[in-house]
Amino acid sequence: MSKAVTGKPAAAPAARTELCGLTIAQAAAGLEARKFSAVELTRAHLAAIEALDSRLNAFITVTPELALEQAAAADLRLATGDGRTLTGIPLAIKDLFCTEGVRTTAASRILEPFTPPYESTVTAQLKDSGAVFLGKANLDEFAMGSSNMTSGFGPVENPWQRRGSNVKLVPGGSSGGSAAAVAARMAMGATGTDTGGSIRQPASFCGLAGIKPTYGRCSRYGIVAFASSLDQAGPLARTVEDCAILLGAMAGFDAKDSTSAERPVPYFRGAVTAGVRGKRIGIPAEYRMPGMPEEIEALWQRGVRWLKSEGAEIVDISLPHTKYGLPVYYIVAPAEASSNLARYDGVRFGARIDGEDLIDMYERTRAAGFGAEVKRRIMIGTYVLSAGYYDAYYLKAQKVRALILRDFEQAFAKVDAILTPTAPSAAFGMGEKMDDPIKMYLNDVFTVPASLAGVPAMSVPAGLSEEGLPLGLQVIGRHFDEETVFAVSGALEQAADFRSKPAVMAKGA
Amino acid sequence: MSLDAATVRRIAKLARIRVEEEEVAVLAAELNGILGYVAQLDEVDVTGVEPLSGGAQMAMRLRDDVVTDGEMAEKILANAPERSGDFFTVPKVVE
C-alpha cells in the first residue's frame, strides 16, 4: 500500500541471512569477536525484510540507508574496542516511538505526513547503546487493538501457520509488526508498548518473549500517547535474556516524563539465570474463562510443574477482581484516549481535511483520519467523561481499579511472582473476531489486570497448541521487581526448551 | 443505560468527529454493546474505596518554575498542514 522505503535498497547478493537466526546475546559476542561485521548483520536483516515483508507487512517504513550508516558507525566502534551493549544489533522500532527525521505514523492515516523533529527517550537510549534501527514496525492504529487488523497501513500476517494449513493468522496486537518482524527473523529484537497486553499477547501469538516493565520504568517521552496511566514501553525478542539486555538499555529515569521512576536500573541480564529455588509462585484461581481451550489449562499446569521441579514453592492465591479488569480497562483507557487524541485536529501537525469553518475542518479531519476502532474508543471515552456520567462510569472504574491493585498487593504479601496463561487462545485467523468489539477485547483478559495495577509482567513461549501454534505463559511480579520476573521467566524458558520456528522466516536462519 | 441516536450525535459532536447519518445506528449498537459489557461493574461494592487514577506508585515531582525549553519555532511549525510565517493558519473564525 504505502510502504515507504527511504533510500536505495541494500545490495542483496552476499547477504548472510543465516546470521538472522542468532540471538542478540550471540550476535553481540560474534560482533565483538569480529566473526562478522555490523554491516553484514544489518545487510542480512535488510535482505530478509526485502524477501518477506511484502507478504508479512510488519514494517510501515524501512530505512535501509540509515540502518547501514548506523551499522558502519558500529563497525568503527567495534574496531576500536569501544562497543556498547547493543552496538551493531539491528532492531525494529514500533511506529509509536517518535524518531527524529523518520516518519512516525502510529499506524494512523491522521499521522501519515508526520515526521517528528525529536527523538523519544527510549529510542535515544537504544541509539546511545549502539543499536541499528531497521525501520518502523506496524501496529494497531494508535495501539488500539489485539490483532493488528486496525492498522491504517494494512494488517500484519503472523509468520506462524497452523499445521497443514495456509490460513493467514494475526500476529496479535497492538505490537503486531514488532512481533512478526522478530519471529520471522527480520529483526533481532523490537520495541513494543503495552497498555493492556500489547507486548505480551503478540509475544504469545508469535512464539517470543516480551516484557511490560513496571509503570514508570521506561520513559513515555516521545511515545505517541494512548492511555497515559497505562502505557509502558518494553522489548520483544526471541529469548528472555535478549529481553533483559534490551530492557536494560531502554529503562531509566527521565525528567521529561513526570511519571518516570527515579530509581536505578538493575542488571536485568544477571537476573535471568538466578533460578527460582525457594521462590513462592502464586497460581490465581480466577485466570480461567469459559470456552478457554483445555490445552491452555494444560500448558499452565505444565508451567507449575516445571517451576516446582526447579525448587519453587507453589501457592494457590485469589485475585478476586480479575473479571472486572476488562470492564475497568474499557472505561479508563478510552477516557484517557479521548483526551490524548484531542490533539489531532489538523492544525499543528498531521493530516488536514478542509471544511466550511474551523469546527467543520476539525470534524472532517478526524472523521477521515481515524479508523473505526479509534473512533469508537474516543466516543466511549467522551461519553464516560461527559457531564452526568462521569461518576457512574469513570469514577466507578477508578475505584474498581484500586481494588484490582489491592488484589495484587495482598497476593504479593504471600508470593514473589504469579504464573498465569498470557492469552486465552493461540493466534486466530485474520478477519476473525471482527464482528463484535467485545470478542476482540477478551483477548486481553489475562494481561489487562497487571496493566491496571502497574506491575511488571512477561510472556514466555512455553509450548505449541495442537495446531502447532505458539502459546505463552505470563509471569507477573511486584512493582519494580522485574528481576524476579526475569528469574522465573528464565527458568520457564529453560524447562520449556521452546525451539519451534515459524513457517515464514529468513532463509537459513 | 442505552444510547439513542441523538446521544450518539451529541457525543460525536463533543468528540469533534463527523458522523454520517447512516453511521449513527451502527455506532449506537456498538457503543451500547460496550456500555452493556462494562455495566458489570455495577455489582462491585466500592464503598469507602479511594479512586486510583494512575499507574505510578509515587507522588508527583515538582521542579523549579523556570523556562527549560523553547526557541524552536521552525521545528514546531515543520509539520504544520498550513502556516503563514511563524503562525499556524486555520479557516477564518471571526468574519
Once the cut-off is 17 Å, how many percent of the Cα-Cα pairs in chain B end up in the long-distance tail?
76
Largest first, what is the accessible-area ranking of A:D194, A:D497 with a 1.4 Å probe?
A:D497, A:D194
Inter-site label distance for B:D69 and A:A298 at 7 Å from Cα along Cβ, in nm:
5.3
Under a point spin-label approximation (7 Å from Cα along Cα-to-Cβ), what is the B:K13-A:A72 distance to one decimal in nm?
5.9
Separation of the stretch A:110-184 and the stretch A:39-93 by C-alpha centroid, Å?
16
For the stretch A:393-416, list residues with backbone N below 14 Å from a point placed 7 Å from the Cα of B:A39 toward its Cβ?
A:393
Per residue, how much accessible surface does the stretch A:17-271 expose to a 1.4 Å probe? Answer in Å², no decimals.
26
What whole-number volume per residue, in cubic angstrom, does the convex hull of the C-alpha atoms of the protein assembly as shown give?
163
Place a label point 7 angstrom from the Cα of A:K507 along the Cα-to-Cβ direction, then list the residues of the stretch A:169-212 whose backbone nitrogen is under 16 Å away.
A:185-186
Inter-label distance, nm, simple model (7 Å from Cα along the C-beta direction), A:Q410/A:S339
2.9
Taking the mean number of other Cβ atoms within 10 Å as a proxy for protection, how do you rank A:68-77, A:354-363, A:471-480 from highest to lowest?
A:471-480, A:68-77, A:354-363
Considering the options A:A495, A:Y394, A:I404, tell which one lies farthest towards the positive end of the dipole of chain A, charges being +1 on Lys and Arg and -1 on Asp and Glu at the Cβ, about the Cα centre.
A:A495
Check each residue of the stretch B:49-64 and keep those whose accessible area, probe 1.4 Å, is at least 20 Å² smaller with all protein chains in place than in the chain alone; give them in order of residue number.
B:V49, B:P51, B:L52, B:S53, B:G55, B:A56, B:Q57, B:M58, B:M60, B:R61
Of all GluC sites (Glu not before Pro) in the stretch A:95-155, which ones are in loop regions per DSSP and have a Cβ with at most 14 other Cβ atoms within 10 Å?
none
May I ask for the net charge around A:G325, where only other residues with Cβ less than 11 Å from the Cβ of A:G325 are counted and Lys, Arg are +1 while Asp, Glu are -1?
-1
Fraction of alpha-carbon pairs over 28 Å apart in the stretch A:327-473 - percent
39
What relative contact order, as a whole-number percentage, does chain B give when Cα pairs under 8 Å and 6 or more residues apart are counted?
18
re the stretch A:17-271: pairs of Cα atoms spaced beyond 35 Å account for a percent value of 7
Nearest 100 Å², what total accessible surface is buried between chain A and chain B (probe 1.4 Å)?
5400
Tell me, in nm to one decimal, what length is gained between A:D357 and A:A255 on full extension, where the rule is 0.36 nm per residue of separation less the Cα-Cα distance?
32.8 nm
A drop of at least 40 square angstrom in accessible area, chain alone versus all protein chains together, probe 1.4 Å. Which residues of the stretch A:312-337 meet that?
A:Y324, A:P327
Rounded to 0.05, the calculated FRET efficiency for the beta carbons of B:K92 and A:D435 at R₀ = 56 Å is 0.80
Return one number: the angle in degrees, 0 to 90 and rounded to the nearest 10, between the long axis of the Cα atoms of helix B:21-38 and the longest principal axis of the Cα atoms of chain B.
70
With a 1.4 angstrom probe the carbon and sulfur portion of accessible area for chain A, in percent, totals 51
Just name one of A:I211, A:G508, A:Q232: the one whose Cα is farthest towards the positive end of the charge dipole of chain A (beta-carbon charges, Lys/Arg +1, Asp/Glu -1).
A:G508
1.4 Å probe, heavy atoms, protein only - residues of the stretch A:230-265 losing at least 20 Å² accessible area vs chain alone:
A:S258, A:T259, A:E262
Enumerate by residue number the GluC sites (Glu not before Pro) in the stretch A:449-509 meeting two conditions: DSSP loop (anything except H, G, I, E, B), and at most 12 other Cβ atoms within 10 Å of the site's Cβ.
A:E466
Just checking the output field for B:75-81: average partner chain Cβ neighbours within 10 Å of each residue's Cβ?
6
Could you work out how far the C-alpha centroid of the stretch A:391-428 sits from that of the stretch A:223-278, in angstrom?
20
Over chain A, what is the mean sequence separation of C-alpha contacts under 8 Å (at least six apart), divided by residue count, expressed as relative contact order in percent?
18
Which FRET efficiency, nearest 0.05, do A:K35 and A:R348 yield, Cβ-Cβ r, R0 51 Å?
0.55
Length-normalised contact order for the stretch A:17-271 - Cα pairs under 8 Å, 6+ apart - percent:
18
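The values are calculated or read from the model by the stated rules, or taken from the named source; none is laboratory data. Note that the coordinates shown come from a computational prediction; the quantities given were computed from them, not determined experimentally. Reconstructed Cβ throughout: ideal geometry from the backbone, glycine too, with neighbour counts over all protein chains shown. Accessible surface is based on the protein model in full, side chains and every heavy atom, while ligands, DNA and RNA are left aside. Shrake-Rupley method; radii C 1.70, N 1.55, O 1.52, S 1.80 Å.
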